[in-house]
Amino acid sequence: MIIVMQPGTPDLEIDRVNAELRSWGLSPEKITGRYKVVIGLVGETADLDPLRIQELSPWIEQVLRVEQPFKRASREYRHGEASDIIVSTPLGPVPFGEHQPLVVVAGPCSVENEAMIVETALRVKAAGAQFLRGGAYKPRTSPYAFQGHGESALDLLAAARAASGLGVITEVMDAADLDKIVEVADVVQVGARNMQNFSLLKKVGAQPKPVLLKRGMAATIEDWLMAAEYVLAAGNPNVILCERGIRTFDRQYTRNTLDLAVVPVLRRLTHLPIMIDPSHGTGWAEYVPAMAMAAVAAGADSLMIEVHPTPAKALSDGPQSLTPDRFDDLMQELAVIGQAVGRWPKTPVAVG
Ligand code: PEP
Ligand code: MN
């Protein structure tokens, strides 16, 4: 349920309404939007009479029920406003959101050694990316495949972060590694295979860094938003949703089926920012540029692109990785589409 306050409602009045709701045994959440303050109520609200709430204050404009099973993740929970998620990076805050410039995240699938991660960071930064991605802990289908260098790769990510000024995004697979990852990462990634690892979701929800939640390969949109709800319910309001392709029947020519329709669908259903990953979404470097451009044209807020200095030698996901040169060209191509849809230049907007 949400309580929409009139524009200009005094803070004291909002505090008074919240105190009253707390005295009823509820846990109100104050959500400050661009134009209005909304009070969110999640939990045992089925028996609450909206009229009784309405009587609490003449400043209450409306009392509405959130019909979706995902409450905090729903667009209604913010009374239709999109959330800006502002991520701190060494070069300053970078906002993700519907009204913000496109944010580009690029880097190798796995962190392999210091030279390659620093080189990739500098190249993608020069091309216009704001975040470096790179896995230290890798979820691999085969236990015999390269599993990532683990903790030592986190140090290499820290070195690349310091050398480039880029924010760092890296995946957590095991909650036991979370504290170490949070020390280095500006955004913590939960991968497709862990999208419904509910105990992990609760733990990333209880730490302060923003969370990048990839869509499970067989997850419906509702499954995915319910997974986001776990993170939000655990107290972390900063969740970015990343579509990375779902499993359909064709595995011969594409690795996954990139579901670009999620961009308008999520826009209607949720206030959370939307990222598209055409690298995992297609599985082949030659298809990545077309789908990256389509994602920007569709209105995505962010892109995640795998880039490797020598894809043929990559320890994971080489076939879908762009060379730094190809990434440079892609960024020029994206600028044309980005300008056309008003999401460029994507130089970080200073906030606060
Ligand atoms: C990755 O980002 O390298 C990765 C493993 O992604 P996903 O979880 O989408 O497969
Ligand atoms: Mn990968």
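Enumerate by residue number the trypsin sites (Lys or Arg not before Pro) in the stretch 59-89 meeting two conditions: DSSP loop (anything except H, G, I, E, B), and at most 14 other Cβ atoms within 10 Å of the site's Cβ.
Details: sites: R65, K71, R72, R75, R78; in loops: R65, K71, R72, R75.
Answer by residue number: R65.
Multiply the residue separation of A294 and S27 by 0.36 nm, subtract the distance between their alpha-carbon atoms, and state the gained length in nm to one decimal.
Details: separation 267, 0.36 × 267 = 96.12 nm, distance 4.17 nm.
91.9 nm is the gain from fully extending A294 to S27.
The residue list P264, A314, A160 was ranked by how far each Cα lies along the charge dipole of the chain toward its positive end, using unit charges on Cβ atoms, and A314 comes out on top.
Once a ≥ b ≥ c are taken as the square roots of the eigenvalues of the Cα gyration tensor of the stretch 85-340, is the result rounded (a/c under 1.5), prolate (a/b larger than b/c) or oblate (a/b not larger than b/c)? List each step's numbers first, then the result.
On the way: a/c = 1.17, a/b = 1.03, b/c = 1.14.
Since a/c stays below 1.5, the shape of the stretch 85-340 is classed as rounded.
Please tell me the relative contact order of the stretch 141-190 in percent, rounded to the nearest whole number, where contacts are Cα pairs under 8 Å and at least six residues apart. Here the relative contact order equals 34 percent. If r is the Cβ-Cβ distance from A158 to Y35 and R0 is 30 Å, what FRET efficiency results, to the nearest 0.05? Plugging the Cβ-Cβ distance into 1/(1 + (r/R0)^6) gives 0.15.
Given the C-alpha centroids of the stretch 126-203 and the stretch 1-78, what is the distance between them in whole angstrom? Taking the Cα centre of the stretch 1-78 as reference, the centre of the stretch 126-203 is 37 Å away. Report the antiparallel proportion of the DSSP beta bridges in the chain as a percent, rounded to a multiple of 5. That works out to approximately 40 percent antiparallel. Full extension of the segment from L12 to D174, taken as 0.36 nm per residue of separation minus the current Cα-Cα distance, would add 54.0 nm.
How many percent of Cα pairs in the stretch 197-352 exceed 23 Å? Each step should come with its number before you reach the end.
Values: 5140 of 12090 pairs.
Percent of Cα pairs beyond 23 Å in the stretch 197-352: 43.
Modelled this way, with points 7 Å down the Cα-to-C-beta line, the labels at R193 and T141 are 1.1 nm from one another.
With a ≥ b ≥ c the root eigenvalues of the C-alpha gyration tensor of the stretch 156-261, is it rounded (a/c under 1.5), prolate (a/b larger than b/c) or oblate? Working shown, then result.
Values: a/c = 2.20, a/b = 1.35, b/c = 1.62.
Oblate shape, in that a/c is at least 1.5 and b/c is the bigger or equal ratio.
Return a whole-number percent for the relative contact order of the stretch 2-65, with Cα pairs under 8 Å and 6 or more residues apart as the contact set. It comes to 49 percent, rounded to a whole number.
In the Gaussian network model of the chain, springs joining C-alpha atoms below 10 Å, which of A145, A295, A73 carries the largest mean-square fluctuation? So, out of A145, A295, A73, the one fluctuating most is A145. Within the stretch 72-190, all pairs of alpha-carbon atoms sorted by distance into 10 Å bins from zero give the percentages 14, 41, 30, 13, 2. As a length-normalised measure over Cα pairs under 8 Å and 6 or more apart, the relative contact order of the chain settles at 17 percent. Springs between Cα atoms under 10 Å define the GNM used for the chain, and in it the highest mean-square fluctuation of Q62, Q130, Q100 occurs at Q62.
Could you check which residue among H79, H271, H280 shows the biggest mean-square fluctuation in a GNM of the chain with a 10 Å Cα cutoff? Answer for the Gaussian network model of the chain: H79.
Would you mind finding the longest exposed-site-free stretch of the chain, with exposed chymotrypsin sites (Phe, Trp or Tyr not before Pro) meaning DSSP loop and at most 16 other Cβ atoms within 10 Å? Could you put the intermediate results ahead of the total?
Values: sites that count: W24, Y35, Y144, F146, F249, Y253, W284.
Longest stretch, sites excluded: 36-143.
Entry note, the chain: the mean residue ellipticity at 222 nm calculated from DSSP H runs of n ≥ 4, each adding -39500 (n - 2.57), is -9500 deg cm²/dmol after division by the residues and rounding to the nearest 500. The label-point distance for T220 and D328, in a model that sets each label 7 Å from Cα toward Cβ, rounds to 4.7 nm.
Laboratory data are not the source of any read-out in this text; all were calculated from the coordinates shown. Everything numeric here is computed off the predicted structure, so don't read it as measured data. In this analysis, Cβ positions are derived from the backbone assuming ideal geometry, glycine residues included, and neighbour counts consider all displayed protein chains.
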